[in-house]
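So the structure is just underneath, and the comments pick up after that.
The values are calculated or read from the model by the stated rules, or taken from the named source; none is laboratory data. Everything numeric in this text was worked out from a predicted model, so none of it was measured. Note that we place each Cβ from the backbone using ideal geometry, even for glycine, and neighbour counts take in every protein chain shown.
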Amino acid sequence: MQYVQDSFDTGTVIAAWLSPGALEELEPLLRRLLAGKQIFIKQSDGSYRPQGWEYGLARGFQFSELCEPALRPQRH
């Protein structure tokens, strides 16, 4: 298993999947909504929140809870 360190700056937009363990902690409805690849934004506290959920989700996710994080390609 390869360890990936979080080197992203606050406000960085990445694409990733939630780890199975993080999904299991969510309510069934949220689990279905957040399954699959999501766009996450790094917050000032170091957590990641799914784009569009800034006010509706009570918790952020740690970098270790994200699978295959990658910078989202910028659109021009």
Original post:
Hey, among the residues in region 1-51 that are touching a Pro at 6+ places or on another chain (Cβ under 9 Å), of a type in the set (Val, Ile, Thr) and without any contact (Cβ under 8 Å) to a residue 40 or more places away in the chain, which one's surrounded by the fewest Cβ atoms within 10 Å (Cβ to Cβ)?
Top reply: ILE39
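Any residue in region 37-60 that is assigned to a helix (DSSP H, G or I) and modelled with pLDDT under 95?
There is no residue in region 37-60 that is assigned to a helix (DSSP H, G or I) and modelled with pLDDT under 95.
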Subject >> Extreme residue, nearest to PHE63 (Cα to Cα), among residues of region 1-36 that are of a type in the set (Ser, Thr, Tyr) and modelled with pLDDT of 90 or more >> reply: SER19
